[in-house]
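Before any comments, here is the structure.
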Amino acid sequence: MAISTQDIPQATQLVQQWLEQVVIGLNLCPFAHKPYREGLIRIQVSTVATEAEALALMVEELGCLDASQPETLETTILAFPNLWPDFLDYNDFLDLADACLVSVDRVDQYQVASFHPHYQFGGTQSDDAENLTNRAPFPLLHLLREASVADAIERHPDAEGIPERNIRRVGELNEAERQALFPWL
């Protein structure tokens, strides 16, 4: 679904709704509650149409994070509605995003979490419930501060159990709940 500049507010609302209802509402990321509540998560929807432009926007956003303290801007979610309708193309792009972190010497400062409307973990079928843990309304790059991630993991009583708990949680959703939480599927 390609969007224009005038569609950005509606697309931003879709990402925010996913963040509130799926990520936070289902507690898929127990670390998201506090920064969201404090307004420290930036959602940036872009109409770029090439991977080079997406990488340039990623570098620009890393600069914004560099220039901000975590107390004012913790993390950024970049949404790309006009790119990667095919998950495999998006998955290939993730290698470029990781290489970008290396090329701008930010690999030890940031990491990229990935979400896509058709996200599919290796070894799963496309309709397996566990894929819902990484499904979002658009292809997303979530830029996370390494120090914040390390701190959150250290403070969590069972960080290693989060993926298993998330798979169990989305597997418990009935069809009506899935349709309400993932209307774009």
Members of region 92-118 found to be in contact with an Asp or Glu (Cβ under 7 Å, 6 or more places away or on another chain) and over 17 Å from Thr75 (Cα atoms), listed by number
Phe93, Leu96
Counting only residues that are of a type in the set (A, V, I, L, M) and either part of a helix (DSSP H, G or I) or touching a Gly at 6+ places or on another chain (Cβ under 6 Å) (or both), region 23-57 contains a total of 7
Could you please let me know if Leu78 is of a type outside the set (Ser, Thr, Tyr), crowded, with 19+ Cβ neighbours inside 10 Å and at pLDDT 95 or above?
yes
When the residues of region 99-132 are filtered to those that are over 16 Å from the mean Cα position of the chain (by Cα) and among the polar types (S, T, N, Q), which remaining residue is nearest to Gln179 (Cα to Cα)?
Ser126
Could you list, in sequence order, the residues of region 101-146 that are of a type in the set (Phe, Trp, Tyr), closer than 14 Å to Tyr90 by Cβ and crowded, with 19+ Cβ neighbours inside 10 Å?
Phe115, Tyr119, Phe138
Given the options Glu71, Glu60, Glu20, name the one that is at pLDDT 95 or above, more than 30 Å from Gly161 (Cβ to Cβ) and either in a helix (DSSP H, G or I) or acidic (Asp, Glu) (or both).
Glu60
Give the residues of region 81-95 that are open to solvent by 20 Å² or more (accessible area, probe 1.4 Å) and assigned to a loop (DSSP other than H, G, I, E, B), sorted by residue number.
Asn82, Pro85, Asp86
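The values are calculated or read from the model by the stated rules, or taken from the named source; none is laboratory data. As the structure is a prediction and not an experimental result, all values here were calculated from the model. Methodologically, a virtual Cβ is constructed for each residue, glycine included, from the backbone with ideal geometry; neighbour enumeration extends over all protein chains shown. SASA here: full protein model, heavy atoms, side chains in, ligands and nucleic acids out. Shrake-Rupley method; radii C 1.70, N 1.55, O 1.52, S 1.80 Å.
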